[in-house]
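Here the structure comes first, spelled out in C-alpha cells, and everything after it is commentary.
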Amino acid sequence: MQTRKEPSLANLCRVYGVQTVYRDAFGKVRRPPTTSLLKVLKSLGAELEGLSDVARAYRARLAQLESRVIEPVIVLFDGTSSLPIKMKKCVGSKIVCRLRVEGEEKIREWVIYARSEEGFMLSAPFEIPFGYHKLEVEVGDSTYHSLIIAAPSKAYQSKGRVWGVFIPLYALHSRSSWGAGTYSDLLKLVKWASKVGASFVGTTPLLPFSPSSTFDPSPYLPSTRLFWNDFYVDLANNLKLLDERSREKLKKVMLAKRVEYEDIIRLKMQIAAKLAQKVLKSRDSIIVRYIKEHPELEEYVRFRAAKGAKQVEGFEKRVSQHLYLQALAHLQFEKVSRYAKQIGVSLYLDLPLGCSPEGYDAWRFSGLFVKDVSVGAPPDYFFPKGQNWGVNPLHPEKIREAGYGYFIECVRHHMRHAGYLRLDHIMALHRLYWIPKGARSDEGVYVKYRAEEFYAIICLESHRHRCVVVGENLGTVPSYVNKALRRHGLLGCYILQLNHPHTLQQIPHNTLAALNTHDMPTFKAYLSGLDIILRLKMGLINEQQAVEERKQRRQQIEELKRYLKDRGFLKQEHSLEELLAASLKLFALSKAKLLLINLEDLWLEEAVHNIPGTGAEAGNWRHRSKLSLERFMEDRRVRKLLKMVAEARSRA
C-alpha cells in the first residue's frame, strides 16, 4: 500500500506566499537558509517551532484557507461584476448577498442558490460603480464579509510629454530660511518653475522624522506617512522672539555647510513655546479652526510629545507646541498645494516604502506590522552583502483583513496635493524581501503580496485625484513587475546612470526619465567618481572593486560621449557644461512622458545626498545646495539650460 507523503517545508511556504528560491541581480539562483524560512513563516502566523511542526502547520493553514467562502478583498476591474464564491459544503443552500455601495445609504440585496461544490462566480444583478463597497454573504447561520474594490484597470493618464524640476526641500535655502528650506521656499520655487516653463516641482518625502533616540533625518524612514513635517514651517516673521544667544546660533546655522537639523528644530521649538499658548487660546485663530476640523492631529502630537519627553513635567506644554507647529505645517503646505494648482504647476510628491518601527504609524497601526522582521534587498552589484533598510513590513493578510484602510489613507494623504506621485520600491506591491531578526542581509526571504489589490486602490485613487503615478522600478526587478506597470498605466523609471548608453535610443515612452536619483551622485559627481570614493571610504566596497567600478564608469562615460557625438548633440572638443547640456537635450527629445531635472546638476554641484547602506556616520540627507534659491533663480546658465529643455520637450 502506498504511503501518503507528508507535506514539506516548500509546501508550507507555498500556502503562505513565501518563496523558497529566487534569482538575484547577478542571475544567480539563491535559496534562503531554512532558519530564515522558519522564522518568516512563524512571523506570518504559522504555528511551528521547527521542521517537525511543518506538516501540522500546513494542514492548519489549508483548513484556514478552505474555510473562506469569500476572500476578504475582491477586485473588480473596468465594470466587472462577477464575485468568486467558494461553496464546497453549501450545495442547494440559500445565499443572501448584501452590498453597501460607497456613498449610498440603502443596502442592495439579492438572493441566489449554490449549485456547485467547487465554487462559482456570482454575478451581481446590477452594475457595480467604481469605489470601495462592503459585501456581506449570509449562508445559513454564518455571515462572511469582503471589501469590494471596483476600479479602472489603468491609473490616471496625463496628456503630452512634460518636464519638471527636482531638489530636496532640506537642501533648498533662501535669504529668509534658517539653513534649510521651508514651505514658503517651496511656494517660491513653484512660482519660478511656472515662469521657466516647468510642469511640475518635485522633492523628497515631506513627512515627519523618525522619533528614534539617535536623530535620523532620512525622509525615507518617517515616523508617519499621514502627516506633514513641521521642520519645514516658515517662522521667519517671528525672528524677534529669539533671544540674543539664539540669534547668534541662528547665524551660524545659516552659514553652515550642511543642514544642522537639531539646531534648527530647537530654534523653532523656542518660538513655538512663546506662541503656542497664546494662539491656541484664540477662538478666531485660523490654527484653532484647523485643529477643530482635523482632530486626528492631536493624537499624533501627543504621541510625539510623549516620545520626546525626558520628564512628565510640562507634558501639556510640549503638546501645545507640537500642535501649533503641526497645524502650521499643514496650513503652509496646503497653501503651496492650492497655489500650484491655481497656476497649473503640479507637485511631484514621494511616498516612501515604509516608516520607522519607533514611529507613530507603527504604534497607531501596530497590528498591521510584522515587528520581528526588517525589509531590505538581496545582494546586487552595488551592495554585494545585501541591504537592510530597518523598516518593518506590513503583514500581507492582516492588511487585507483590515480592508487596506491604512494604505488607502497614505495614498490619499499624498494624492490630495500631488499631480504626480512616486511610489518608492514599486516591487513591494508584488513581494518584499524580509530579513528575520538576527539574520544577515543576504539571508532574507521574499514574501508575496496581493499586487492586484494594491493596483486597484492606486488606480481608483489616481482617477479620483487626477494624479499620475510613477513606480520606482530600480534594482532587482522581476519582469512581471514591469508588465504590471504597463497593464495598469503606471510609469516606470529610466535613469541614465543605471542604463547602458546603447539603450538611449529606446527610452520607453511610459517612463519618467532622469539623469540620476536622490540615491545617486549628481551629474558632475558621477563623472568624477565621487560616489565610488565615498563607498570605498565607508567600507562598502574594497580597493579591487573600486578599481573595477572606475574602469566601468570610464567606459560608460566614453560610450555616452560617443553616442552624443554620433547624433550631433556634442562637439568633438567640449566642456563639462556642454556634456550636461547635450545629455539633457537628448532626454528632453526622448519619448519619455516625464523628464525630471535635478536642479543641482544645472550648476554642476558635486554632491551625494545619500549613500544607501550607510547611516548617520555618512552624513546622509544633510547636504545644502551650493546656490541659494535667489541665486539659482537668476543664474543665466540655469535659465539657458531650462529654456533649451522647454524647447526640446515642446518638439518631442
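First compute the accessible area of the chain with a 1.4 Å probe, then give the percent of it belonging to carbon and sulfur atoms. Numbers along the way, then the final one.
Details: 14960 of 30090 Å².
Heavy-atom surface of the chain belonging to carbon and sulfur, 1.4 Å probe: 50 percent.
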Placing each pseudo-label 7 Å from Cα in the direction of the beta carbon, Ser8 and Lys385 end up separated by a distance in nanometres of 3.3 nm
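Using Cα pairs under 8 angstrom and six or more residues apart, how large is the relative contact order of the chain, in percent? Can you show the working numbers first?
Details: 1194 pairs, mean separation 102.6, N = 652.
For the chain, the relative contact order is 16 percent.
Relative contact order for segment 10-93: what percent, with Cα pairs under 8 Å and sequence separation of 6 or more? Spell out each step's value before the answer.
Working: 52 pairs, mean separation 18.1, N = 84.
Averaging sequence separation for qualifying contacts and normalising by length gives 22 percent for segment 10-93.
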To the nearest 10 degrees, the tilt of helix 315-343 (Cα long axis) against the first principal axis of the alpha carbons of the chain is 80 degrees
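Stretched out fully, how many nm does the piece from Ile286 to Ser528 gain, at 0.36 nm a residue minus the Cα gap?
Numbers: separation 242, 0.36 × 242 = 87.12 nm, distance 5.05 nm.
Length difference between fully extended and current span is 82.1 nm.
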Taking loop as defined by DSSP and a crowding limit of 14 other beta carbons within 10 Å, which chymotrypsin sites (Phe, Trp or Tyr not before Pro) in segment 306-403 fit? Tyr381
Arg364 and Glu262 label points (each 7 Å along its Cα→Cβ direction) are spaced in nm at 2.8 nm
Cross-link reach list, lysines versus Lys134, counting only Cα pairs under 29 Å and skipping chain neighbours closer than eight places: Lys86, Lys88, Lys89, Lys94, Lys106, Lys154, Lys398, Lys448
The distance between the Cα centres of segment 179-255 and segment 563-616, in whole Å, is 27 Å
List the pairs from Lys551/Lys626; Lys268/Lys335; Lys28/Lys385 whose alpha-carbon separation is above 23 Å, in the order I gave them. Lys551/Lys626
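Calculate how many DSSP beta bridges within the chain are antiparallel, expressed in % of all such bridges and rounded to the nearest 5. Before the final figure, lay out each step's value.
Values: 42 of 74 bridges.
Restricted to the chain, the bridges split so that about 55 percent are antiparallel.
Which percent, to the nearest 5, of DSSP beta bridges fully inside segment 397-504 are antiparallel?
Numbers: 4 of 9 bridges.
Here the share of antiparallel DSSP bridges comes out near 45 percent.
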Solvent-accessible heavy-atom area per residue, rounded to whole Å², over the chain at 1.4 Å: 46 Å²
Surface accessible to a 1.4 Å probe, Arg464 within the full protein complex, Å²: 100 Å²
Run the numbers for Asp424 and Thr80: contour at 0.36 nm per residue of separation, minus the present Cα-Cα distance, in nm. 120.9 nm
Could you compute how much accessible surface Tyr563 exposes when probed at 1.4 Å, giving the result in Å² to the nearest 10? 20 Å²
With θ set to phi - 60° and the Karplus curve 6.51 cos²θ - 1.76 cosθ + 1.60, what are the ³J(HN,Hα) couplings of segment 589-605 in order, to the nearest whole Hz, using x for Gly and Pro? 8, 6, 7, 3, 5, 10, 10, 10, 10, 6, 4, 5, 5, 5, 10, 6, 5
Provide the gained length on full extension for the span Lys317 to Leu239, in nm with one decimal, where the gain is 0.36 nm per separating residue minus the Cα-Cα distance. 26.0 nm
Antiparallel DSSP beta bridges within segment 324-465, percent to nearest 5: 70 percent
Karplus ³J(HN,Hα) for segment 139-153 (6.51 cos²θ - 1.76 cosθ + 1.60, θ = phi - 60°; Hz, whole; x = Gly/Pro) runs 10, x, 8, 9, 10, 10, 10, 8, 8, 9, 10, 9, 8, x, 6
Once normalised by the length of segment 256-332, the mean sequence separation of its alpha carbon contacts under 8 Å that are 6 or more apart gives a contact order in percent of 38 percent
With charges set only on the Cβ (+1 for Lys and Arg, -1 for Asp and Glu), what does the dipole of the chain come to about its Cα centre, in debye to the nearest 20? 1120 debye
Per residue of the chain, what 222 nm ellipticity follows from adding -39500 (n - 2.57) for every DSSP H run with n ≥ 4, rounded to the nearest 500? -12000 deg cm²/dmol
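The values are calculated or read from the model by the stated rules, or taken from the named source; none is laboratory data. The structure displayed is predicted, hence computed values, not measured ones. All Cβ positions, even for glycine, are placed from backbone atoms using ideal geometry, and neighbour counts span all protein chains on display. Please note that ligands, DNA and RNA were not included when accessible areas were found on the heavy atoms of the full protein model with its side chains. Shrake-Rupley method; radii C 1.70, N 1.55, O 1.52, S 1.80 Å.
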